[in-house]
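Note sheet for the following structure.
The values are calculated or read from the model by the stated rules, or taken from the named source; none is laboratory data. Quick caveat: nothing in here was measured; it's all calculated off a predicted structure. Note that each Cβ is placed from the backbone with ideal geometry, even for glycine, and that neighbours are counted across all protein chains shown. The area values use the complete protein model at the heavy-atom level, side chains included, leaving out ligands, DNA and RNA. Shrake-Rupley method; radii C 1.70, N 1.55, O 1.52, S 1.80 Å.
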Amino acid sequence: MIARLTTTIAAVAVAAGAWSFAVSGPAQAAGPAIEYPQHDWSFSGPFGTFDRGALQRGFQVYKNICSGCHALSYVAYRNLEDLGYNEDEIKAIAAQALVVDGPNDDGEMFERSGIPADRFVSPFPNEKAARAANGGAYPPDLSLIVKARPDGANYLRALLVGYVDPPADFNLMPGMNYNAYFSGHQIAMAQPLWGDDVTFEDGTAATIEQQAEDLTTFLAWAAEPEMEERKRAGVMTILFLLVFTGLLYATKRKIWADVH
Amino acid sequence: MAETHEGDSRRDFLMITTTAVGAVGAACVAWPFIDQMNPAADTLALASIEFDVSTVPEGQAVTLTWRGKPVFVRHRTPKEIEEAREVPLDELRDPQTDAERAIKPEYLVMVGVCTHLGCVPLGQSVSDPKGDYDGWFCPCHGSHYDSSGRIRRGPAPLNLPVPEYQYISDTVIRIG
Amino acid sequence: MAANFSNPVVRWIDHRLPVFTFMHHELHEYPTPKNLSYWWNFGSLAGIALVIMIVTGITLAMHYTPHVDHAFDSVERIMRDVNYGWLIRYIHMNGASFFFIVVYIHIFRGLYFGSYKAPREILWMLGVVILLLMMATAFMGYVLPWGQMSFWGATVITNLFSAIPLAGESIVTWLWGGFSVDNATLNRFFSLHFLLPFVIVGVVVLHIVALHRFGSNNPLGIDVKGPKDQIPFHPYYTIKDAFGLGVFLIFFSAFIFFAPNFLGHPDNYIPANPLVTPAHIVPEWYFLPFYAILRAVPDKLGGVLLMFGAIAVLFILPWLDRSPVRSGQFRPIFKIFFWLLVIDVVVLTWLGAKPAEGWYVIGTQIATVWYFLHFLVILPLLSIFETPKPLPKSISEPVLGAGGGFAGATAAPREKV
């Protein structure tokens with residue numbers, strides 16, 4: 001009977017493998033394939049967690065470099081608790097933001113300083129304004145960017161360190177920048193990281209690679225703030241199910257023992 | 001015969017264990033589906049608000065929104081405070097001293113929902129009718145509240161409730 | 001024939017409303033062939049998957065907002081702020097995929113063991129109706145998060161109907177409730193996505209009524225000869241189904257907790273933008289074989305007809321395969337063609353995800369032709385020319401004679417304590 005079950009499971013697994021191979025097509029199909037380096041992330045694997053130091057450094061990079069153009073509108077200041085900040089620190093961070101609120105009793109919108117319950121204030125009021133200020137290109141909201149690109153974390157890190165001189169015969173359009181890992185290699189965003197763009201509070205050397213790694217870790221958290229809780233729950237669930245399924249199997253054998 | 005008996009008890013034991021473990025699992029699964037109906041994180045984040053009472057000029061009032069309800073913050077004049085203190089407790093339907101209702105006597109903070117049937121009483125703006133007791137007047141069924149927000153006349157059974165709040169600095173209160 | 005219940009309350013109710021007798025009859029004593037293999041687990045598993053989808057779906061509907069300006073945001077709020085919202089949404093999202101995996105295995109099991117043959121034709125056709133309803137439900141559900149793939153998937157699929165001669169354009173406008181996929185479309189898709197699962201429940205009930213008329217088919221494909229061939233459903237198959245459910249949940253949990261977005265498309269985490277089409281529009285994996293068939297034909301109407309034909313052909317399958325032998329175990333040539341069909345469908349899935357260019361197009365066309373050839377030509381011919389192996393006399397006989405090979409029988413001797 002174990003053989004029977006094993007056959008069924010094996011057949012299902014083979015089929016599943018074939019399906020997932022078939023399904024994995026779109027990622028490969030998207031444009032001419034650009035290989036980008038695979039990085040060993042603190043948050044990869046079933047037990048991976050976000051490195052708290054990297055999260056705080058990444059937040060610093062986002063705040064100082066990216067937030068001028070890129071929104072992070074699904075993250076609230078209160079969420080920064082996950083990064084290891086305390087209530088007063090979060091209040092201070094939120095208070096630096098100017099939030100448009102209202103209308104007041106006179107029907108006017110007004111500005112107030114942010115509170116932890118506010119979501120990150122976007123640099124532009126809407127997409128049209130963002131495009132107008134950036135020569136027609138839209139700097140995307142970064143809240144979900146790691147989930148919204150195939151192999152998002154590795155892709156993002158590669159993109160951030162991928163500003164190199166174009167090959168001699170490359171025809172770069174005016175106002176565009178060459179990037180080794182961007183699809184088509186022409187990107188509107190100018191090189192954002194040059195090294196030592198911020199001074200990390202914890203004294204870590206702010207190389208381009210370090211900043212790219214930390215920023216990516218921060219944005220991976222922003223995209224999946226539930227990840228650590230999810231993996232913890234997953235480990236518990238699977239352990240429980242293994243025990244429970246084992247018991248079910250033993251019970252099943254007992255019950256079926258008298259069937260001839 | 002003995003063997004069969006032993007087999008039966010082993011089977012029973014397995015069945016009971018499996019059922020018990022399954023019940024634990026089912027309970028664990030049920031919890032997320034119950035808890036999802038509780039207030040979400042963004043709702044809870046607004047469950048307490050902070051407000052600087054010094055922004056309210058003397059003799060005026062503002063209405064805040066807290067947990068979806070109006071909260072009245074009135075900067076009372078010395079005359080209003082005096083009126084509130086002079087009322088003998090045995091004249092009150094819901095006896096409470098003014099000191100019990102305001103941490104700092106100048107600033108009265110309370111939920112602006114009539115305790116009769118939930119209307120919002122008038123009296124916040126200068127031009128509003130303030131009722132017969134220089135406080136608030138509920139237009140729905142004519143409840144009169146005094147300058148301490150206590151029920152004095154009309155169908156409402158209780159005073160306007162004072163929310164849980166504290167001064168986190170000299171002038172900033174945290175409600176909730 | 002009322003069962004004798006010991007609990008007086010149950011007895012009192014049952015006397016007036018015989019629900020307990022009904023349940024006892026259909027779920028407890030219901031006589032089932034004793035040789036069902038693990039492939040027979042996928043029917044009840046599909047039922048459980050449907051329940052999982054309905055429970056998580058109703059829960060999500062408590063937090064979701066069907067409006068173009070708020071749909072994407074409300075889904076992100078579920079993921080970030082609602083208590084366990086991420087868990088419930090990931091169960092629902094991956095649940096759709098796993099529901100299809102289970103149902104596809106269930107269908108292929110039916111194809112191999114001839115479960116569609118007399119007297120189970122209506123049972124089979126009801127199953128195909130369920131598949132169609134599932135597809136419609138899944139498609140509309142995928143639109144609700146209002147990401148890029150939601151929007152463009154909705155645009156492409158609804159545009160299929162414009163292939164209908166004369167009325168096509170009007171039908172598409174009617175489906176949309178406007179001149180493009182927009183708020184009206186999202187609203188009606190939400191309404192129908194909520195409704196259809198309950199329609200599926202109704203058809204599932206009919207499916208089970210039809211099943212219990214003659215009972216389950218079995219790996220030998222021969223009719224049950226008497227009580228010796230059968231065992232009561234409870235506890236034998238309840239515990240076997242429960243064990244199968246446990247195994248299923250392990251795989252399901254692995255995806256929910258450790259690779260929740262593996263089966264999805266990253267583009268659906270970009271809010272819908274009617275002005276920018278993603279570079280490659282791909283449907284969810286479970287639609288890929290049909291999507292491949294759609295693209296195999298250079299003609300718009302032809303492609304649409306062929307795609308629906310791929311499912312329609314299943315409706316008439318009981319009359320295409322006229323072989324009196326049900327189980328593929330006793331049909332040596334059918335068996336080969338069955339596995340070729342499995343490979344063909346996997347290939348179609350793979351090709352459905354590829355861009356429609358060069359060799360992929362030719363490959364898709366070959367695979368599509370093979371799909372229809374299998375049902376419309378090979379199966380009818382096989383039923384005439386194939387010589388089946390001799391069938392066993394009854395379900396119990398080969399088990400006693402050959403001493404093994406069938407589920408339930410081999411474990412017995414080793415099991416004695």
Can you pull the accessible area of residue B:28 for me, 1.4 Å probe, Å² to the nearest 10? 90
At most 14 other Cβ within 10 Å, DSSP loop - GluC sites (Glu not before Pro), region B:1-106: B:58
Trypsin sites (Lys or Arg not before Pro) restricted to region B:28-100 and DSSP loop, no more than 13 other C-beta within 10 Å: B:93
Cysteines not pairable in the protein assembly as shown (beta carbon separation under 4.7 Å absent): A:66, A:69, B:28
Report the local net charge at residue C:280: Lys and Arg +1, Asp and Glu -1, summed over other residues whose C-beta lies under 12 Å from its C-beta. -1
What total accessible area, in Å², is buried where chains A and C meet, using a 1.4 Å probe and rounding to the nearest 100? 5600
Note to self, chain C gives a 222 nm [θ] from helices alone (DSSP H runs n ≥ 4, -39500 (n - 2.57) apiece, / all residues, nearest 500) of -20000 deg cm²/dmol
Report the accessible area of residue C:248, computed with a 1.4 Å probe over the heavy atoms of all protein chains in place, in Å² rounded to the nearest 10. 20
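Ignoring any ligand, DNA or RNA, what whole percent of the accessible area of chain C comes from carbon and sulfur when the probe is 1.4 angstrom?
The C+S portion of the solvent-accessible surface of chain C is 73 percent.
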If one compares the long axis through the Cα atoms of helix C:332-352 with the longest principal axis of the Cα atoms of chain C, the angle in degrees, nearest 10, works out at 20
Tell me the accessible surface of residue B:69 in square angstrom (1.4 angstrom probe, heavy atoms of protein chains only), to the nearest ten. 90
When every protein chain stays in place and a 1.4 Å probe is rolled, C:238, A:245 sorted by accessible area with the largest first are C:238, A:245
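Any idea what the alpha-carbon Rg over 2.2 N^0.38 Å comes to for chain B?
Numbers: Rg = 27.1 Å, N = 176, 2.2 N^0.38 = 15.7 Å.
Rounded to two decimals, the normalised Rg is 1.73.
Just reorder C:34, A:252, C:389 by solvent-accessible area, largest first, 1.4 Å probe, all chains present. Could the numbers behind the result be given before it?
On the way: C:34 25, A:252 0, C:389 100 Å².
Result of the area sort, largest leading: C:389, C:34, A:252.
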The correct ranking of C:228, A:128, B:130, C:300 by accessible area at 1.4 Å, largest first, is A:128, C:228, C:300, B:130
Exposed-loop cut sites defined as GluC sites (Glu not before Pro) in DSSP loop states with at most 16 other Cβ within 10 angstrom; longest site-free run of chain A spans A:109-200
Average accessible surface area per residue within the protein assembly as shown, 1.4 Å rolling probe, Å²: 48
